[in-house]
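K.L.:
Got a structure for you, written out below as structure tokens; questions coming shortly.
The values are calculated or read from the model by the stated rules, or taken from the named source; none is laboratory data. What you see is a predicted model; the values in this text were computed from it and never measured. With ideal geometry, Cβ positions are generated from the backbone for all residues, glycine too; neighbour counts draw on all protein chains shown.
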Amino acid sequence: MTLPVAADNSGALLNTYRRAPIEIVRGVGCELFDADGRAYLDFTSGIAVTALGHGDSGVANAIREALETGLIHVSNLFRTEPGEALAARLVELSFADHVFFCNSGAEANEAAFKFARKWARQQGGPAKHEILALRGSFHGRLFATLAATDRPQYRAAFRPLAGGISIVERDLDELRAVLDSERVAAVIVEPVQGEGGVRVLDREFLRALRALTRDHGIALILDEIQCGLGRTGTLFAYEQAGITPDLLTLAKPIAGGLPMGAVLVTEEIASVVQAGDHGTTFGGGPFISHVAQHVLARLSDPALLNHVRDMGRWFGDRLAALCESNPRVRTVRGLGLMWGVDVMPAAADVIAQAREHGLLLVSAGEHTVRFLPPLVVSREELARGLSIFEAALAST
């Protein structure tokens with residue numbers, strides 16, 4: 001396919017990202033292609049967004065079907081069937097009784113903070129308002145979610161951040177002490193900390209935290225924006241710990257690359273939320289919800305989830321073997337198709353070399369390379385990606 005040469009308008013964009021020196025123009029399956037026609041194996045998935053790969057025919061058909069109604073947006077002043085049907089299916093598949101839709105993961109977490117805080121105050125009075133996040137967390141870059149994000153370089157320039165939000169250690173003894181307070185409203189936790197280095201929280205830790213929060217009348221919010229919707233091999237990561245939260249936040253893959261976030265809540269939390277307490281102009285609109293119904297059906301398919309588990313075990317074994325044999329690899333962490341590899345060179349240098357060799361990766365800290373391939377990735381593609389990664393390590 002010959003594409004016209006585009007003008008370089010990159011200077012018009014606000015400089016909030018260090019973009020790679022390539023221009024992506026199309027995608028097929030697990031590959032992306034730049035303006036020069038070069039192919040790259042994509043193990044970023046748009047940072048865990050394009051779970052079904054690029055150019056998926058089912059997603060394309062769902063988009064066409066949604067367009068045929070002529071309803072791209074009507075606002076939340078009126079009922080529309082796609083959003084209601086999507087919410088009903090999420091309720092059916094999860095612990096939740098109700099769903100709130102928005103446009104992104106950060107918005108979902110902000111909404112969850114508001115819902116949890118209102119519920120907690122009705123249980124314990126105005127003092128019960130504090131929200132706790134864990135060391136290594138990443139929950140977004142809005143003011144409240146930034147306060148819950150353990151990345152000093154993201155926070156420093158924007159102080160003062162939202163009050164009543166603190167970061168505590170991933171330690172049960174410390175948590176027992178701080179949760180024994182009439183001021184704590186909620187704890188937010190990523191079952192797998194993505195930006196924080198792909199750290200899989202121990203299942204016993206999550207079970208103990210669930211018990212502690214329940215004993216103290218504290219809402220447990222699970223942030224599965226990156227690790228949810230099939231990424232770990234089950235539809236929701238919390239299933240593997242055998243717990244259920246009070247609120248769950250989702251985003252990234254839910255609408256196949258279209259912007260959508262969601263908060264799943266129990267009836268107890270939902271009962272305190274009244275009309276006017278929160279809002280969204282675009283959230284849960286008919287166009288994007290129709291597409292998300294198709295994506296959710298695919299991501300909840302037992303065959304796909306089994307594929308993710310199989311590919312994840314195979315890939316994890318190969319990464320572990322690489323760690324044993326290559327002194328430049330310090331450790332490997334992950335689950336399903338979400339892996340972090342700590343390397344001796346700077347992660348940015350390894351990622352740059354991998355890109356030169358035809359593999360796209362993303363970091364999760366100064367020395368952690370993160371692997372987030374599409375969930376439909378084949379074993380052959382995983383093997384090819386691993387081979388390229390090894391070559392990149394040797395070239396760094």
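K.L.:
Among the candidates GLY136, GLY105, GLY140, single out the residue that is touching an Asp or Glu at 6+ places or on another chain (Cβ under 6 Å), under 22 Å from ARG159 (Cα atoms) and assigned by TED's automatic domain parsing to the domain that holds LEU179. Spell out the reasoning first.
P.N.:
Details: GLY105 fails: touching an Asp or Glu at 6+ places or on another chain (Cβ under 6 Å); GLY140 fails: touching an Asp or Glu at 6+ places or on another chain (Cβ under 6 Å).
Exactly one of GLY136, GLY105, GLY140 is touching an Asp or Glu at 6+ places or on another chain (Cβ under 6 Å), under 22 Å from ARG159 (Cα atoms) and assigned by TED's automatic domain parsing to the domain that holds LEU179, namely GLY136.
K.L.:
Which pairs do you get when a residue that is touching a residue at least 60 places away in the same chain (Cβ under 8 Å), found in the range 266-289, comes within reach of a residue that is polar (S, T, N, Q) and not in a loop (DSSP other than H, G, I, E, B), reach meaning Cβ atoms under 8 angstrom, with the pair 6+ apart or on two chains?
P.N.:
VAL272/GLN122
K.L.:
Take the residues in the range 249-296 that are of a type in the set (S, T, N, Q) and in a helix (DSSP H, G or I); name whichever of them is nearest to GLU81 (Cα to Cα).
P.N.:
Filtering first and then ranking leaves SER289.
K.L.:
Output the residues belonging to the range 297-336 that are assigned to a loop (DSSP other than H, G, I, E, B), out of contact with any Leu (no Cβ under 7 Å at 6 or more places or on another chain) and either of a type outside the set (Asp, Glu) or more than 20 Å from THR234 (Cβ to Cβ) (or both). Please lay out each step first, then the result.
P.N.:
Our first condition is that a residue be assigned to a loop (DSSP other than H, G, I, E, B); within the range 297-336, this holds for 300-301, 326-328, 336.
If we keep only those that are out of contact with any Leu (no Cβ under 7 Å at 6 or more places or on another chain) as well, we get 301, 327, 336.
Listed by number, the residues that qualify are PRO327, GLY336.
K.L.:
What's the number of the condition ASN61 fails, among (1) outside the structural domain of GLY358 (by TED's automatic domain parsing); (2) part of a strand (DSSP E or B)?
P.N.:
(2) is the only condition that ASN61 fails.
K.L.:
Another one. With the structure loaded, tell me whether ALA219 is surrounded by 22 or more Cβ atoms within 10 Å (Cβ to Cβ), modelled with pLDDT of 95 or more, more than 26 Å from PRO302 (Cβ to Cβ) and out of contact with any Cys (no Cβ under 8 Å at 6 or more places or on another chain) or whether it fails that test. Full working, then the answer.
P.N.:
Working: surrounded by 22 or more Cβ atoms within 10 Å (Cβ to Cβ): yes; modelled with pLDDT of 95 or more: yes; more than 26 Å from PRO302 (Cβ to Cβ): yes; out of contact with any Cys (no Cβ under 8 Å at 6 or more places or on another chain): yes.
So ALA219 passes the test.
K.L.:
Let me ask you something else. Any residue in the range 193-218 that is farther than 22 Å from ALA177 by Cβ sitting within a Cβ distance under 7 Å of a residue that is polar (S, T, N, Q) and assigned to a helix (DSSP H, G or I)? List the pairs, counting only those 6 or more apart or interchain.
P.N.:
Cβ pairs passing all conditions: ARG203/GLN240.
K.L.:
Another one. Starting from residues that are of a type in the set (Gly, Ala, Ser) and more than 30 Å from LEU335 (Cβ to Cβ), keep the ones in the range 61-74 and report whichever is nearest to the chain's Cα centre (by Cα).
P.N.:
ALA66
One line per residue, one yes/no per condition, for (1) under 30 Å from HIS73 (Cβ atoms); (2) touching a helix residue (DSSP H, G or I) at 6+ places or on another chain (Cβ under 7 Å):
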{"site": "PHE95", "(1), (2)": "no, no"}
{"site": "HIS98", "(1), (2)": "yes, yes"}
{"site": "PHE101", "(1), (2)": "yes, yes"}
{"site": "TRP119", "(1), (2)": "no, yes"}
{"site": "GLU130", "(1), (2)": "no, no"}
{"site": "PHE143", "(1), (2)": "yes, no"}
{"site": "ARG159", "(1), (2)": "no, no"}
{"site": "GLY164", "(1), (2)": "no, no"}
{"site": "ASP171", "(1), (2)": "no, no"}
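K.L.:
Okay, next question. Please go through the range 118-166 and pick out each residue that is assigned to a helix (DSSP H, G or I) and either of a type in the set (Asp, Glu) or closer than 28 Å to GLU267 by Cβ (or both).
P.N.:
Hits for the range 118-166 are LYS118, TRP119, ALA120, ARG121, GLN122, GLN123, GLY124, ALA144, THR145.
K.L.:
I want to confirm something. Restricting to the range 177-216 and keeping residues that are closer than 13 Å to LEU134 by Cα and more than 23 Å from the chain's Cα centre (by Cα), which single residue is surrounded by the fewest Cβ atoms within 10 Å (Cβ to Cβ)?
P.N.:
Of everything passing the filter in the range 177-216, VAL178 is surrounded by the fewest Cβ atoms within 10 Å (Cβ to Cβ).
K.L.:
Can you find a residue that is within 18 Å of ILE225 (Cα to Cα), surrounded by 13 or more Cβ atoms within 10 Å (Cβ to Cβ) and outside the structural domain of GLY196 (by TED's automatic domain parsing) anywhere in the range 28-40?
P.N.:
no
K.L.:
Now, a different point. ARG18 is checked against (1) surrounded by 13 or more Cβ atoms within 10 Å (Cβ to Cβ); (2) under 28 Å from GLY194 (Cα atoms) and fails just one. What number does that condition carry?
P.N.:
(1)
K.L.:
Which one of these is in the same structural domain as TRP119 (by TED's automatic domain parsing), within 24 Å of LEU146 (Cα to Cα), part of a helix (DSSP H, G or I) and modelled with pLDDT of 95 or more: LEU229, LEU175?
P.N.:
Details: LEU229 fails: part of a helix (DSSP H, G or I).
After applying the criteria, what remains is LEU175.
K.L.:
Still on this structure, I have one more. Here is a check on your reading of the model: is ALA262 surrounded by fewer than 21 Cβ atoms within 10 Å (Cβ to Cβ) and not hydroxyl-bearing (Ser, Thr, Tyr)?
P.N.:
no
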